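Encoded as structure tokens, the structure appears first; notes follow it.
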Amino acid sequence: MRTTADDRRHYLAEWMFTDLVDTSADVIHAYGSTIARPAEMRFSHEDHIQVYVDQVMRHPQVTDLLGWNKATVAISDRLKRRAYAYGSNIVLPRKAWAWRESVVLHECAHILSPTDTRHGPLFAARYLHLVGLFMGPEAAWLMGCLINETTTTHGKVSA
């Protein structure tokens, strides 16, 4: 599948988020606000990713809202630059950038928005909801601001 301009803008927002979260500062100053720097989990073993995905998919706000409760994680030694989700499967490369909480939640959001095959409004709303649930409201607010800044065709989205 070819990467669109909207995809690139969404990825840019996520890269900007990663840069801000990876800073050594305790607080982030953005969009006229000061927030505590959100923590982001990094996974050290593929089994840990599957356990985390199971927790995400079984969370009451996920199952009550979406009726979904299962996703399978696979690790690929062939993939280098992309992760993807199809059906109820998540495929991640064996790369540190992909074994981050925000990337795993991104792929979960794809599974939870099957009618939005790219990075449209439904995907963005589900992604921000997951970020808010699992990474905290500050992370969701920051990611939402960055998505709004970089993505013009999706309109305003919020957690």
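The values are calculated or read from the model by the stated rules, or taken from the named source; none is laboratory data. Since we're looking at a predicted model, the values are computed, not measured. Positions of Cβ are generated from backbone atoms using ideal geometry, with glycine treated the same way; all protein chains shown enter the neighbour counts.
Values computed for the structure shown
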| quantity | calculated |
| --- | --- |
| Residue identified as of a type in the set (A, V, I, L, M), modelled with pLDDT of 85 or more, within 15 Å of the chain's Cα centre (by Cα) and surrounded by fewer than 13 Cβ atoms within 10 Å (Cβ to Cβ) among A25, A83, A74, A39 | A39 |
| Selected residue [touching a Lys or Arg at 6+ places or on another chain (Cβ under 6 Å), touching a residue at least 24 places away in the same chain (Cβ under 8 Å) and surrounded by 15 or more Cβ atoms within 10 Å (Cβ to Cβ)] from L112, L92 | L112 |
| Meets criteria (out of contact with any Ser or Thr (no Cβ under 8 Å at 6 or more places or on another chain) and assigned to a helix (DSSP H, G or I)) for L12 | no |
| Candidate set from region 8-21 (those that are at pLDDT 90 or above and of a type in the set (D, E, K, R)); member that is nearest to the chain's Cα centre (by Cα) | E14 |
| Residue check, R82 touching a helix residue (DSSP H, G or I) at 6+ places or on another chain (Cβ under 9 Å), under 13 Å from F43 (Cα atoms) and charged (D, E, K, R) | no |
| Output for region 46-71, where each listed residue is modelled with pLDDT of 95 or more and exposed (fewer than 14 other Cβ atoms within 10 Å of the Cβ) | D47, V51, Q55 |
| Flag if A124 is buried (at least 22 other Cβ atoms within 10 Å of the Cβ), assigned to a helix (DSSP H, G or I) and out of contact with any Ser or Thr (no Cβ under 8 Å at 6 or more places or on another chain) | no |
